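The values are calculated or read from the model by the stated rules, or taken from the named source; none is laboratory data. Nothing here was measured: the structure is a model prediction, and the numbers come from that model. Don't worry about glycine lacking a Cβ; one is built from the backbone with ideal geometry, like all the others, and counts go over all protein chains shown.
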Ligand code: GLC
């Protein structure tokens with residue numbers, strides 16, 4: 001986000017005209033209140049949803065018809081800076097009040113969660129990051145921005161940039177995986193895609209990087225739980241994605257719920273002012289997460305709402321999402337000298353700067369033609385991009401005896417409730433999808449005229465249907481495609497799980513099918529990495545399908561029949577059993593790395609190795625790496641190697657380069673991803689490739705938060721995942 005001198009002057013002039021109350025109004029991110037339309041109080045409705053008296057679907061139906069109060073009078077009084085919502089007609093109505101009925105006509109920011117697409121729903125981030133395709137990640141963000149504007153949204157609460165290492169945490173599904181390097185490339189691509197303001201005014205939005213910071217390090221993988229870590233870990237693992245996003249000019253950030261080393265991130269001036277605004281140079285603003293300011297009282301860091309509000313604003317938190325604490329108390333706090341006018345002006349200036357950068361003063365409304373564009377069917381290029389992203393996100397985890405791809409004419413049996421659930425392909429944080437846009441796996445197979453019988457048999461909840469299982473076993477095809485995994489509601493916010501094996505009786509169903517002599521191809525629909533120890537050992541073929549978005553059925557079908565050769569890789573490690581979590585590849589070596597000998601770092605009752613490592617993914621062809629050579633120039637190390645397609649179909653491989661700083665002033669990970677490239681090769685074709693590693697990227701942050709590059713021995717690894725690699729050593733003097 002860069003403002004011209006003229007724009008900066010506009011902001012200063014406007015700020016100079018504002019009253020104290022109008023300034024405070026800009027800090028208020030308002031949510032419409034639910035005022036009825038159903039016969040129980042809203043709080044009771046939430047309780048009914050939580051304790052299962054009503055289903056998610058029933059709740060959604062009730063909410064769709066609920067009456068909402070958008071607090072028009074507060075907007076008219078200039079006491080609202082931003083509203084949450086995704087209805088373009090309502091957005092124009094509220095914007096009209098702000099622009100035409102307030103004293104200064106300051107337009108509203110319309111914020112909404114667009115995490116992996118709006119109506120065109122793309123794969124969940126953990127899946128899309130696994131494409132290792134920066135260009136694709138940027139293009140899907142650009143399309144999400146364009147759709148957002150058409151729905152009246154000009155501020156996306158995205159990208160979610162939480163590097164996550166513990167798959168018990170439900171929000172691992174929303175983020176770009178466990179590796180800071182890959183996640184930082186994801187961050188850059190998303191900011192460029194969302195904030196691409198070199199196009200027309202209605203095709204870019206303000207991004208909001210979240211959740212700042214280290215929210216994903218919650219103890220025991222339990223959402224909202226406490227986090228604590230060294231300065232070096234904060235800087236080397238959890239801050240890099242936000243640093244990268246700020247370097248791309250991200251407009252805003254959202255403070256996270258967690259306390260970090262004893263200070264909630266909502267009131268943490270070290271992370272907000274010193275690091276994010278100081279060191280990383282955020283020019284926009286920071287918004288709290290929902291209710292985050294009030295929760296500082298619950299954290300035990302603030303006496304009451306007033307105390308929490310003053311603490312937050314003084315710590316560098318500029319906008320209050322959903323509590324109205326700033327709205328109610330900051331004007332008095334300024335009069336009492338508890339918040340300086342300079343602090344208040346800084347917050348307001350940052351918010352106004354984003355509004356000016358978005359062009360809202362010139363173009364505050366959603367053009368009618370943009371609204372019309374999404375009333376009917378999705379434009380075909382939207383559907384095509386959803387399909388491309390879905391296809392590239394699929395990871396082939398196992399394929400014994402080349403069971404896959406299936407022959408299109410061969411008959412097979414399809415089982416699993418999830419196969420016929422178009423509403424379950426979208427994944428967590430999909431809030432504006434249309435069921436008719438969604439292609440289930442069963443529908444995808446039907447569209448391709450596949451030859452199969454379908455028996456639901458079992459889903460992530462509920463018992464096995466014995467009759468349907470019997471029919472599936474008695475069917476005359478020996479191949480069973482079993483779609484198993486998680487409901488969308490089993491990952492995302494407030495969805496931590498202690499047991500991350502296949503939920504319900506799905507594994508039992510698989511065991512019965514295997515026992516009956518069936519060749520079972522498992523197609524996973526899940527939001528988090530699952531503990532797949534049994535499946536990886538006993539099933540001949542496994543496709544990781546994640547929640548791929550509206551074109552999931554089309555993409556899975558094309559991969560099952562070999563029209564698309566899978567190229568996805570894992571952006572997160574998969575454990576074999578729950579107890580191995582948190583499990584990630586870029587760990588320190590320890591003094592006793594796990595091995596067969598007793599007194600080493602391992603479990604008595606679980607394997608040392610992961611089930612599937614970071615960066616892993618098979619293809620319908622095979623690739624061979626050879627001839628790794630390292631050369632060095634002033635600025636970088638260059639790894640040259642040969643990659644050959646040794647199979648009989650074309651395929652795309654993600655060649656990966658890792659490094660190890662063998663001896664340093666702090667123990668360093670055994671491997672760290674430092675570069676990658678997607679390479680398309682025809683059967684028998686080989687290519688001489690190079691992957692470079694900039695010397696300035698070979699350092700790390702120490703516990704003084706100082707980035708250091710230390711002379712010494714480095715190992716360079718090149719391969720198709722984080723485990724099976726070629727390696728060479730090199731001594732570097734920086
Ligand atoms: C939620 C989430 C955050 C989201 C916000 C607004 O609690 O933590 O990711 O953007 O509220 O919906």
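Computed values, structure above
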item: Near pairs, Cβ below 6 angstrom, 6+ apart or cross-chain, from region 273-293 (assigned by TED's automatic domain parsing to the domain that holds residue 314) to any residue that is more than 16 Å from the ligand (Cβ to nearest atom) and modelled with pLDDT under 95; result: 283/1; 284/1
item: Elements of type strands (runs of 3 or more DSSP E) in region 616-693, at least 2 residues being in contact with a helix residue (DSSP H, G or I) (Cβ under 7 Å, 6 or more places away or on another chain) and crowded, with 20+ Cβ neighbours inside 10 Å; result: 672-681
item: Tally of residues being under 29 Å from the mean Cα position of the chain (by Cα) and surrounded by fewer than 23 Cβ atoms within 10 Å (Cβ to Cβ) across region 324-349; result: 1
item: Single residue of region 294-320 satisfying the filter (surrounded by fewer than 24 Cβ atoms within 10 Å (Cβ to Cβ) and either within 15 Å of the ligand (Cβ to nearest atom) or outside the structural domain of residue 352 (by TED's automatic domain parsing) (or both)) that is nearest to residue 109 (Cα to Cα); result: 294
item: Answer from 143, 110, 79 - the residue that is within 21 Å of residue 285 (Cβ to Cβ) and surrounded by fewer than 24 Cβ atoms within 10 Å (Cβ to Cβ); result: 79
item: Hits in region 510-530 (condition: touching a residue at least 40 places away in the same chain (Cβ under 8 Å), buried (at least 19 other Cβ atoms within 10 Å of the Cβ) and within 15 Å of residue 542 (Cα to Cα)); result: 513, 518, 520, 521, 522, 523, 524, 525, 526, 529, 530
item: Hey, residue 291 surrounded by fewer than 23 Cβ atoms within 10 Å (Cβ to Cβ), closer than 24 Å to residue 28 by Cα and within 16 Å of the ligand (Cβ to nearest atom) or not; result: yes
item: Test: residue 257 is within 16 Å of the ligand (Cβ to nearest atom), over 25 Å from residue 357 (Cα atoms), touching a residue at least 24 places away in the same chain (Cβ under 8 Å) and assigned by TED's automatic domain parsing to the domain that holds residue 196; result: yes
item: Unique match (being in a helix (DSSP H, G or I) and surrounded by fewer than 22 Cβ atoms within 10 Å (Cβ to Cβ)) among 410, 423; result: 423
item: Subset of region 436-448 that is touching a residue at least 24 places away in the same chain (Cβ under 8 Å) and surrounded by fewer than 21 Cβ atoms within 10 Å (Cβ to Cβ) - its residue that is farthest from residue 534 (Cα to Cα); result: 437
item: Qualifying residue in region 166-174 (condition: in contact (Cβ under 8 Å) with a residue 40 or more places away in the chain, within 16 Å of the ligand (Cβ to nearest atom), in contact with a strand residue (DSSP E or B) (Cβ under 9 Å, 6 or more places away or on another chain) and within 18 Å of residue 248 (Cα to Cα)); result: no
item: Qualifying residue in region 138-152 (condition: in contact with a helix residue (DSSP H, G or I) (Cβ under 9 Å, 6 or more places away or on another chain), in a loop (DSSP other than H, G, I, E, B) and more than 14 Å from the ligand (Cβ to nearest atom)); result: yes
item: Candidates 79, 110, filtered to the one that is within 16 Å of the ligand (Cβ to nearest atom), outside any helix (DSSP H, G or I), closer than 21 Å to residue 358 by Cα and at pLDDT 95 or above; result: 110
item: Residue selected from region 118-136 under the condition more than 23 Å from residue 615 (Cβ to Cβ) and more than 15 Å from the ligand (Cβ to nearest atom), by the criterion surrounded by the most Cβ atoms within 10 Å (Cβ to Cβ); result: 121
item: Count of region 181-213 residues which are in a loop (DSSP other than H, G, I, E, B) and either over 14 Å from the mean Cα position of the chain (by Cα) or more than 16 Å from the ligand (Cβ to nearest atom) (or both); result: 9
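Yes/no matrix, rows are residues, columns are (1) assigned by TED's automatic domain parsing to the domain that holds residue 151; (2) at pLDDT 95 or above; (3) over 30 Å from residue 484 (Cβ atoms); (4) within 16 Å of the ligand (Cβ to nearest atom):
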site	(1), (2), (3), (4)
347	yes, yes, yes, no
356	yes, yes, yes, no
384	no, yes, no, no
387	no, yes, no, no
390	no, yes, no, no
422	no, yes, no, no
432	no, no, no, yes
